[in-house]
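Chemist: Structure incoming, see below.
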Amino acid sequence: MPPIKVELLDGTVRHFGLDYPGWTMLVVYRGRHCPRCRTYLSKLDSLLDAFTARRVSVVATSADPREKAEADFREFGWRFGIGHSLSLADMEALGLYISDPRSPTETDRPFAEPGLFVINPNGLIHILSVSNTASCRPDLDVLLDGIISTQENDLPIRGLRGLG
């Protein structure tokens, strides 16, 4: 996992790639302007107890400034950690697709397209999904089942060739 810093709404800072508190899932979403993100994160929240039961800490973040992330938190009440202000350098380090707003009414800054990273207790990305569109994200029920299988069967990271 590349070292990136995510500032959470509760004031804590997570240093991905540097600290390894156990299994962690980092979900990068497009931002407040994206209705598909709200639906996806609400589904994630409905499964949070199941992820927590598997000892998976969940954090979602975007390039949105703190004010927009706080507005989402107030409106939707998501229970997982919510980050904000993801930098372009961190988006690039994660290998995310980055989009410019199509208009000022969409949003006011470049933003990351969806990405999901399941990091194992050794600090390695064990499961990865990166998309170039809001319309394609991993099914969270299938992902949870995959995490359970990975943990119970001590499955290794696969697909180590082909990205470079």
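Every read-out reported here was derived from the displayed coordinates using simple, explicitly stated rules and does not represent laboratory data. In this text, all values refer to a predicted model and were calculated from it rather than measured experimentally. Positions of Cβ are generated from backbone atoms using ideal geometry, with glycine treated the same way; all protein chains shown enter the neighbour counts.
Chemist: Kindly check whether there is at least one residue in the range 113-126 that is surrounded by 15 or more Cβ atoms within 10 Å (Cβ to Cβ), over 13 Å from the mean Cα position of the chain (by Cα), at positive phi and not basic (Lys, Arg).
Modeler: Yes, some residue in the range 113-126 is surrounded by 15 or more Cβ atoms within 10 Å (Cβ to Cβ), over 13 Å from the mean Cα position of the chain (by Cα), at positive phi and not basic (Lys, Arg).
Chemist: Scan the range 71-85 residue by residue and report those that are surrounded by 15 or more Cβ atoms within 10 Å (Cβ to Cβ) and not aliphatic (A, V, I, L, M).
Modeler: Listed by number, the residues that qualify are Asp72, Phe73, Trp78, Phe80, Gly81, Gly83, His84, Ser85.
Chemist: If you don't mind, another one. Give the number of residues within the range 113-164 that are more than 18 Å from Cys37 (Cα to Cα) and of a type in the set (Asp, Glu).
Modeler: Total satisfying the criteria: 3.
Chemist: In this structure, is Ser42 farther than 17 Å from Ser129 by Cα and either in a helix (DSSP H, G or I) or of a type in the set (Val, Ile, Thr) (or both)?
Modeler: yes
Chemist: Also, quick follow-up: Looking at the range 131-141, which of its residues are of a type outside the set (Gly, Ala, Ser) and surrounded by fewer than 17 Cβ atoms within 10 Å (Cβ to Cβ)?
Modeler: Within the range 131-141, Asn132, Thr133, Cys136, Asp139, Asp141 qualify.
Chemist: Out of Ser149, Ser131, which single residue is over 24 Å from Leu9 (Cβ atoms) and in contact with a strand residue (DSSP E or B) (Cβ under 8 Å, 6 or more places away or on another chain)?
Modeler: Every option except Ser131 fails the conditions.
Chemist: Just the residues that are touching a Phe, Trp or Tyr at 6+ places or on another chain (Cβ under 8 Å) and either assigned to a loop (DSSP other than H, G, I, E, B) or small (Gly, Ala, Ser) (or both), please, taken from the range 3-22.
Modeler: Pro3, Leu9
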